[in-house]
Amino acid sequence: MDYFLTEEQVMIRELTRQIAEEKVVPVREELDEKEEFPWGIMEVLAQSDLFGLFIPEEYGGLEKGCLELCIAVEELSRACLGVATTYAANALGTYPILLFGSDEQKKKYLPEIAAGKRLVAFGLTEANAGSDAGGIQTTAKLDGNEYVLNGTKQWITNGGEAEIYTIIAITDKSKGARGASGFIIEKGTPGFNFGKKEKKMGIRASATRELIFDNCRIPRENILSKEGMGFILTMKTLDNSRPGVGAQGVGVAQGAFEEAVKFARQRVQFGHPIISFQAVQHMLADMATEIEAARALVYSTARYIDSGAKEVTKESAMAKVFATDMAMRVTTNAVQVMGGSGYMREYPVEKMMRDAKILQIYEGTNQIQRNVIGLSLIKEAAKK
Ligand code: COS
């Protein structure tokens with residue numbers, strides 16, 4: 001399908017694909033086995049200016065948009081979702097600064113982020129607050145010119161590896177979700193420590209850790225926007241980042257599909273390559289169709305966001321839920337087409353299927369996405 005990408009967008013796709021094929025594919029199995037953080041690849045992405053894609057030129061970025069970011073994320077995901085998650089989570093952590101940061105905060109942090117010198121992580125989830133974003137318990141109390149943070153964030157992607165953290169904490173408990181606020185915290189701040197690295201089913205190249213705040217004091221000016229804006233900041237951040245999770249789904253599904261086609265052309269049973277059997281052709285036909293439908297929705301949503309549309313919550317959730325449910329089906333069917341070989345670690349589809357599962361869970365479970373879409377439908381209907 002021709003998506004009428006601009007020359008620049010095609011260049012971004014080609015550049016990321018080249019990096020993915022030359023630098024990521026050869027090491028993905030080892031990164032997965034050893035659960036190793038892909039610093040080498042992050043350096044290559046930094047040298048290629050890919051960390052600055054969505055950051056304004058005045059802060060050292062390329063000033064592209066959500067679509068360009070989705071294209072880059074898709075290509076990385078086609079090779080390795082663990083690597084793509086690391087890159088995409090950096091964008092997730094950067095959005096709060098981009099959308100809600102003051103000019104001083106932007107000047108201080110964005111140029112280093114754009115240059116890929118400092119990695120970012122976003123910290124919302126806690127032991128008792130994931131889907132219920134308003135239910136967080138980490139507190140930030142103002143004491144003179146400093147906020148004092150206490151609490152623990154859980155399952156934070158890029159935790160421990162990132163140097164900049166955008167986190168959400170409660171500044172006024174009596175106000176519930178409206179008493180949440182966003183903060184920037186740097187690695188190395190006294191009272192800010194990390195838990196052990198989690199052992200995961202998939203996306204093992206990415207790092208996932210707890211963030212532990214124990215009387216951690218940060219300057220008052222590290223608040224993002226003002227007190228009470230934390231919940232809205234979170235929702236707006238997720239509105240912008242969820243199409244990127246959809247792009248991860250499109251990428252990993254595309255990678256698995258290509259492996260399945262390659263295998264089906266080579267594998268001979270009953271005297272014929274299995275791709276000549278209609279049962280296999282129908283599976284591949286459905287996979288190809290679903291991938292294209294998901295890509296079309298992700299790209300359209302990204303373009304809608306880039307058009308400056310204010311209300312993108314429903315579309316963003318639709319792109320995430322559709323593309324990631326698709327990714328789970330397509331990667332599972334890629335394993336099925338490849339049979340016993342697909343189940344073996346010798347072939348990459350086994351890892352792709354394990355990796356894809358997280359897409360239905362993080363940045364809002366797919367059940368929550370349906371709630372978000374449902375709520376938007378109710379609001380739209382009430383307006384008519
Ligand atoms: N943009 C702007 N405002 C939004 C918004 C959005 N996307 N979503 C909600 N709001 C506003 C609502 O309009 C409401 O404002 P009012 O109080 O003025 O009416 C307020 O925020 C509270 O919204 P709501 O009542 O819908 O909040 P809930 O606590 O019921 O939860 C969901 C809403 C489930 C949508 C939210 O908690 C969520 O997205 N959870 C998933 C979080 C997530 O993705 N977690 C994964 C880890 S993050 S990597």
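Tabulated values for the structure
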{"item": "Amide proton proximity set for Ala207, modelled H, under 5 Å, gap of 5+", "result": "Asn158"}
{"item": "All aspartates and glutamates inside 13 Å of Lys351 as judged from Cα atoms, apart from same-chain residues fewer than 8 positions distant", "result": "Glu29, Glu30, Asp32, Glu33, Glu35, Glu259"}
{"item": "Gln47-Met1 pseudo-label distance in nm [points 7 Å out on the Cα-to-Cβ vector]", "result": "3.5"}
{"item": "Segment 231-383: translational diffusion in µm²/s, Stokes-Einstein, Kirkwood Rh over Cα pairs, 4 °C, 1.567 mPa s", "result": "79"}
{"item": "The chain: C-alpha gyration tensor shape, a/c 1.5 cut-off, then a/b vs b/c", "result": "prolate"}
{"item": "Most to least packed among 294-307, 232-245 [average Cβ atoms within 10 Å]", "result": "232-245, 294-307"}
{"item": "Total formal charge among the other residues, if their Cβ is under 10 angstrom from that of Leu67, Lys/Arg +1 and Asp/Glu -1", "result": "0"}
{"item": "Over the chain: helical MRE at 222 nm, DSSP H runs n ≥ 4 each giving -39500 (n - 2.57), nearest 500", "result": "-17500 deg cm²/dmol"}
{"item": "Distance (nanometres) between label positions extended 7 Å along Cα→Cβ at Thr332 and Thr189", "result": "4.2"}
{"item": "Axial C-alpha extent at least 15 Å, average Kyte-Doolittle at least -1.0 - helices from the chain (DSSP)", "result": "7-19, 66-79, 81-100, 230-266, 278-306, 313-343, 366-383"}
{"item": "Residue-by-residue Karplus 3J(HN,Hα) for segment 23-38, coefficients 6.51, -1.76, 1.60, Hz, glycine and proline x", "result": "9, 8, 3, x, 10, 4, 5, 5, 4, 5, 4, 8, 6, 9, 5, x"}
{"item": "Ranked list, fewest to most other Cβ atoms within 10 Å of each Cβ, for Ser181, Ser77", "result": "Ser181, Ser77"}
{"item": "Calculated FRET value between Lys175 and Lys379, using beta carbons and R₀ = 30 Å, to 0.05", "result": "0.85"}
{"item": "Highest-first arrangement of 319-329, 66-76, where packing means the average Cβ count within 10 Å", "result": "66-76, 319-329"}
{"item": "Modelled FRET efficiency - R0 56 Å, Glu58 with Arg265, Cβ distances, 0.05 increments", "result": "0.65"}
{"item": "Relative contact order (percent, whole number), the chain, Cα cutoff 8 Å, 6+ residue spacing", "result": "17"}
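No value in this document is a laboratory result; all are computed from the given coordinates. This is a predicted model, so every value here is computed, not measured. Every residue, glycine as well, gets a Cβ built from its backbone with ideal geometry; the counts of neighbours run over all protein chains shown.
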